[in-house]
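Enquirer: Supplied in structure tokens, the structure appears directly below.
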Amino acid sequence: MLSDLNTFLQRWIAILTPLSLVVGVLFHQAGEQLLFIVTWLFAFMTFVGSLGMNVKEVRMVGKHPGVVLMSIAFLHMIMPAWAYFLSTVFFDDHLLTVGFVLAVAIPTGVTSVIWVTISKGNLPLCLSIILIDTLLAPIVLPTIIHIVVGERITIDNMSLILNLLWMIVLPTIVGIALNELSKGNVQKKWGPRLAPFSKLSLFAIVAINGSAVAPYVQKITLELVGIIAMVLFIALTGYASALLLAHLLWRDPVIVTTFMFVGGMRNIATGVVIATTFFPAKVAMPVVFGMLFQQVLASLYNKLGDWYGRRHSRLNEIG
């Protein structure tokens, strides 16, 4: 039963995620009363996702150091700079600029594992990048936010770091430790049982935090349409530039598809929690709207990745 539920949720995640946002906006008064459980739900999600990780994943850094380093640079330097440039050009609003940068500066999404598996990418490499990026989050993310925010918005950096440690780092370490101590048995036994509850937690986080942006989306305005269009454009160019960069550097379909999904996906729930906890509600708008497109675009770019792999094979046969 739990397996069937997990399969259903995974198949429809691209629709259920934005639907959860709509529910959160419509019933924002109820969501506002449940904000206190969001960090707990997110810590649970991180814990479940980390049960499949182990220390061996770090060894992939030695095999593909360039891919790992470029992934970190792409996620936390190239894309934030791109988002900052676009948002300052098209929006004269510092809160939105912070939101757009935060939306792409957050760690890579654990759900990239699903798409890397489907596309026959390098799963151990993907897991190693996720693990390293996750552990670096309490250092990298506050630094980027501090640079972008400047002195216009007051933010408690220590609280932000502690929040990231609680939501991401600690659950990851506990999950890895349990996986190592049980020699992988905890993942085999409990992973499938907890997986559907992890996805339900994601939908709950989206719905609850949707209440924060409710005042801004209840009325359709040109600014709202522009924000959604910009979020879509940044997401599209994120996947595309990751694909192009990986092609130029490695020309290996396995590495290219892995880099594309790691570079394109984001742990948006992290950004939503941070935006709604530490910033004015308007900052959360670009972050939350990222949930509308991420999974759908991943599906489209998966087809592009398949085409790239077939093209690479044909060229090798000709050569």
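The values are calculated or read from the model by the stated rules, or taken from the named source; none is laboratory data. None of these values were measured; they are calculated from a predicted model. All Cβ positions, even for glycine, are placed from backbone atoms using ideal geometry, and neighbour counts span all protein chains on display.
Enquirer: When only residues in the stretch 68-107 that are among the aromatic types (Phe, Trp, Tyr) and in a helix (DSSP H, G or I) count, which is nearest to Gly49 (Cα to Cα)?
Expert: Phe74
Enquirer: Now for a different question. Do we find that Val68 is in contact (Cβ under 8 Å) with a residue 12 or more places away in the chain, farther than 21 Å from Leu165 by Cα and surrounded by fewer than 20 Cβ atoms within 10 Å (Cβ to Cβ) in this structure?
Expert: No.
Enquirer: Would you pick out the residues in the stretch 133-143 that are over 14 Å from the mean Cα position of the chain (by Cα) and in contact (Cβ under 8 Å) with a residue 40 or more places away in the chain?
Expert: Leu136, Val140
Enquirer: Are any residues in the stretch 160-216 of a type in the set (S, T, N, Q), surrounded by 21 or more Cβ atoms within 10 Å (Cβ to Cβ) and either under 24 Å from Leu16 (Cβ atoms) or out of contact with any helix residue (DSSP H, G or I) (no Cβ under 7 Å at 6 or more places or on another chain) (or both), and if so, which ones?
Expert: Ser201, Asn209, Ser211
Enquirer: Lys219 fails exactly one of the following numbered conditions: (1) part of a helix (DSSP H, G or I); (2) surrounded by fewer than 20 Cβ atoms within 10 Å (Cβ to Cβ). What is the number of that condition?
Expert: Every condition holds for Lys219 apart from (1).
Enquirer: Which residues, taken from the stretch 108-140, are farther than 24 Å from Ala83 by Cα, assigned to a loop (DSSP other than H, G, I, E, B) and not polar (S, T, N, Q)?
Expert: Once the filter is applied, which keeps residues that are farther than 24 Å from Ala83 by Cα, assigned to a loop (DSSP other than H, G, I, E, B) and not polar (S, T, N, Q), the stretch 108-140 yields Lys120, Gly121.
Enquirer: From the list Gly238, Gly271, Gly226, pick out the single residue that is surrounded by fewer than 17 Cβ atoms within 10 Å (Cβ to Cβ), touching a residue at least 40 places away in the same chain (Cβ under 8 Å) and closer than 24 Å to Val98 by Cα.
Expert: Answer to the check: Gly226.
Enquirer: In the stretch 262-310, what residues are assigned to a loop (DSSP other than H, G, I, E, B), within 20 Å of Ala204 (Cβ to Cβ) and modelled with pLDDT under 85?
Expert: Asn267
Enquirer: Would you say Leu165 is part of a helix (DSSP H, G or I), of a type outside the set (Phe, Trp, Tyr), without any contact (Cβ under 8 Å) to a residue 60 or more places away in the chain and within 22 Å of Leu75 (Cβ to Cβ)?
Expert: yes
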